[in-house]
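Following: one structure in structure tokens, then a few remarks.
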């Protein structure tokens, strides 16, 4: 799951439980849809990407820099206190919002495409509820 600074889902992928997080970093960034707003070319990429120690990889940092994205990824084997904990709760809250949907809290579907459809519907509902608060 990749979300913005307010916890609104931007992109997600469904993988097996044994898939490592770092394998999904670049596909998640690539999957961000264009954001409409100002006249001109739609914005497709964030300014920064934050991640915990599971995303510590120099080749991935370099790939993000090549896309014009500043990687803010915690390094392994360093002391805690990187400051990422202050903003990490946003993604944790987004995951908690997803778990409000019973079919996502416990995965009943055996087929990944059906589970992915339910995750997509839940993300749509989260975005709708966030937009409803702005109107």
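The chain: percent of C-alpha pairs farther apart than 21 Å?
Summing the P(r) tail past 21 Å for the chain gives 48 percent.
Run the quick spin-label model on residue 106 and residue 89: label points 7 Å from Cα toward the beta carbon, then report their separation in nm to one decimal.
Computed distance between label sites residue 106 and residue 89 equals 3.0 nm.
Between residue 52 and residue 120, what is the label-point separation in nm under the 7 Å Cα-to-beta-carbon projection?
So the label points at residue 120 and residue 52 sit 2.8 nm apart.
Label residue 21 and residue 130 with points 7 Å out from Cα along Cα→Cβ: what is the distance between them in nm?
1.9
In whole angstrom, note down how far apart the Cα centers of the range 84-119 and the range 1-45 are.
15
Before rounding to the nearest 500, sum -39500 (n - 2.57) across all DSSP H runs of length at least 4 in the chain and divide by the residue total; then give [θ] at 222 nm in deg cm²/dmol. All intermediate terms of the calculation are to be shown ahead of the outcome.
On the way: 5 runs with 56 residues, N = 135.
-12500 deg cm²/dmol, from helical runs alone.
Full-extension gain between residue 38 and residue 14, please, as 0.36 nm times their residue separation minus the C-alpha to C-alpha distance. Please list the in-between numbers first.
Values: separation 24, 0.36 × 24 = 8.64 nm, distance 3.17 nm.
Residue separation times 0.36 nm, minus the Cα-Cα distance, leaves 5.5 nm.
At a threshold of 8 angstrom on Cα-Cα distance, excluding pairs fewer than six apart, so keeping six or more, what relative contact order does the chain reach in percent?
Working: 129 pairs, mean separation 32.2, N = 135.
Relative contact order of the chain: 24 percent.
Read-outs throughout are calculated quantities, based only on the coordinates presented, and are distinct from any laboratory measurement. From a predicted model like this one, the values you see are computed outputs, not experimental measurements. So basically every Cβ, Gly included, is an ideal-geometry build from the backbone, and we count neighbours across all protein chains shown.
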